[in-house]
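The values are calculated or read from the model by the stated rules, or taken from the named source; none is laboratory data. The structure presented is a predicted model; accordingly, all values stated were derived computationally and were not measured. Here the Cβ is made from the backbone with ideal geometry for all residues, glycine too, and neighbour counts use every protein chain on show.
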Amino acid sequence: MSDFKPTLYLNHRCPFCLKLMIFVREAGMWDDFALEVFEPGSDAHAAIKEKLASHFDSVTFPSAQIAPGEYMKDTAALIARFEEQSGKSAADMPLLDYYQTGVMKQVGELFMENKRLKEGVPA
């Protein structure tokens, strides 16, 4: 039996990383993963991006090494994978629902507003 433990690569300031962490916690999978959490712009961030660069066209977070040599990214894809693995449904997780319909929704709205404002401002 392998000693491999999947690794989650997480930006400490990323709302999508938090969403994944909430799912993992509510699914009872917290101890199933190693976590590599970094602050944006840190040496750890640069090292993780370098480590993942050969596995993705573009490195985004959250990302995960889910099996030896097998990597994934995209919050929704990772949650879908872990739902299947755990047999738990994100739809049945009250904290995740609270986050998605509250804070995450507001973050998305603010992101889109910021994008629109930047597009309207001359460079």
Original post:
From the list ALA90, ALA77, which residue is over 14 Å from LEU10 (Cβ atoms), small (Gly, Ala, Ser) and surrounded by fewer than 18 Cβ atoms within 10 Å (Cβ to Cβ)?
Top reply: ALA77
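Each row is one residue, and each column tells you yes or no for (1) under 16 Å from the mean Cα position of the chain (by Cα); (2) more than 21 Å from GLY28 (Cα to Cα).
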residue: ILE79; (1), (2): yes, no
residue: GLU83; (1), (2): yes, no
residue: LYS88; (1), (2): no, no
residue: PRO94; (1), (2): no, no
residue: TYR98; (1), (2): no, no
residue: GLY102; (1), (2): no, yes
residue: GLU119; (1), (2): no, yes
Original post:
When GLY108 is evaluated against the numbered criteria (1) over 14 Å from LYS19 (Cα atoms); (2) modelled with pLDDT under 95, which criterion, by number, is the only one it fails?
Top reply: (1)
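List the helices (runs of 4 or more DSSP H) that sit entirely inside region 14-95 and contain at least 3 residues that are over 27 Å from LEU110 (Cβ atoms) and modelled with pLDDT of 95 or more.
43-53, 75-86
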Original post:
Does LYS105 count as surrounded by 14 or more Cβ atoms within 10 Å (Cβ to Cβ) and out of contact with any Lys or Arg (no Cβ under 8 Å at 6 or more places or on another chain)?
Top reply: no
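Before we move on, is PRO68 in contact (Cβ under 8 Å) with a residue 40 or more places away in the chain and loosely packed, with under 11 Cβ neighbours inside 10 Å? Let's see the steps before the verdict.
Numbers: in contact (Cβ under 8 Å) with a residue 40 or more places away in the chain: yes; loosely packed, with under 11 Cβ neighbours inside 10 Å: yes.
Yes, satisfied.
Among the residues of region 7-37, write down those that are of a type in the set (D, E, K, R) and within 15 Å of PHE61 (Cβ to Cβ). Walk me through how you get there before you give the answer.
Applying the first criterion (of a type in the set (D, E, K, R)) to region 7-37 yields 13, 19, 25-26, 31-32, 36.
Listed by number, the residues that qualify are ARG13, LYS19, GLU36.
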